[in-house]
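The structure under discussion appears below in the form of structure tokens.
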Amino acid sequence: MGDLGDAMQNLVDDIKYSTETRHAAANDRHSAVKEFMDETGNFINDVRVKVSELKSDTHNFLERFHLEHQDMATALKEKLALDENARTSNEAVRREATQQFISGIESAGKADREATQGLLQQFHSEHQDMAAALKEKLASDDASHKEATQQFMDELASDRSEAQNIWRGRSGRMVEETAPEPVAEEVEEEPVMEVVEEVAPEPVAEEVEEEPVMEVVEEVALEPVVEEEPVVEEEPVEEIEISSADRVLAVIGKKPEGIRLVDIGNELGVDWRGLIATVKPLVDEGRVEKIDSLYYPRG
């Protein structure tokens, strides 16, 4: 039972590690989104400042034009008062000059409006591109994270099922080895207890109870040593760098009956979680076939 508890504790620790990894990845994504929103806010503020400056310049220009127009109107009135005949002859020229001046003002205002509109459209386009790129990155990270989590859950379910089968077999053997002996001794000692009523019960009861206990203790002490050998957890060994795809293919090629990712990690002496990124391209390229939680060599 102690060994099973240790195995279950190790599984719980792995689940906690995976959960912490997911939280860390989620925090990184939130930080990236927040940074993107801050940069977007700063860009919008810059655009607002530029638009405000354009409005201010346009307003000042119109005010100067209004003042200059007033000065021109005053000078024109004075000149018309002094020379009515000259005003009549030159009225067409002045009108044309005024029209040209107004046309220039309108052209400048139109150019400013077009520039502002183009700047806003450029910002909108860049914002859409950045948002689309961020969505694609988040979707890709989420898919990878889901696949890694599913892989871990498959390995966890397989290990749990294997542990349950081992424990059921061990319990069955313990029952089969210990149950028959007490029953046989009780049946054989019944006649002795009828003949000797005072002396026989006490020593017989002690012998019957002590022998099965000794046998159970010996079996429980020996059997876990045998069962723990294939479940040696060397996952923390991270001194060796993750092997290449060729080494992973070599290990899978030696197991035509299929092999789990945990066993591949044990063969290479590395943490099996570090092999997820190596095995996934092999499955996508068709060089390795995955069925449930087992990997098979292709062809």
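Nothing in this text is a laboratory measurement; each read-out follows from the coordinates by a stated rule. Computed from a predicted model, the values in this text were never measured in an experiment. When we count neighbours, we look across all protein chains shown, and the Cβ atoms used for this are built from the backbone with ideal geometry, even at glycine.
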**Fill in**
Treating only Lys and Arg (+1) and Asp and Glu (-1) as charged, each at its beta carbon, one finds that segment 11-152 has a dipole about its Cα centre, in Debye to the nearest 20, of 380
**Request:** Report the full-extension gain for the segment Glu106 to Ser244: residue separation times 0.36 nm, less the Cα-Cα distance, to one decimal in nm.
**Result:** 42.8 nm
**Request:** Report the full-extension gain for the segment Glu84 to Ala97: residue separation times 0.36 nm, less the Cα-Cα distance, to one decimal in nm.
**Result:** 2.8 nm
**Directionally averaged shadow of segment 11-152, computed from the convex hull of its alpha-carbon atoms, nm²** = 10.8
**Message:** Taking the number of other C-beta atoms within 10 Å as the exposure measure, put Leu138, Leu156 in order starting with the fewest.
**Reply:** Leu138, Leu156
**Prompt:** What is the gain in length, in nm to one decimal, between Leu62 and Asn45 on full extension, counting 0.36 nm per residue of separation less the C-alpha to C-alpha distance?
**Reply:** 3.6 nm
**Item:** Arg173/Ala277 FRET efficiency (R0 35 Å; Cβ-Cβ; nearest 0.05)
**Value:** 0.25
**Prompt:** Is there a pair in Lys146/Lys255; Lys146/Lys290; Lys50/Lys110; Lys16/Lys290 whose C-alpha atoms are over 20 Å apart, and which pairs would that be?
**Reply:** Lys146/Lys255; Lys16/Lys290
**Request:** Using Cα pairs closer than 8 Å and at least 6 residues apart in sequence, work out the relative contact order for segment 245-297, in percent.
**Result:** 45
**Asked** Where nothing but the Cβ of Lys and Arg (+1) and of Asp and Glu (-1) is charged, how large is the charge dipole of segment 245-297 around its Cα centre, in debye to the nearest 20?
**Response** 60
**Fill in**
A correct fewest-to-most ranking of Leu249, Leu67, Leu54 by other Cβ atoms within 10 Å would be Leu67, Leu54, Leu249
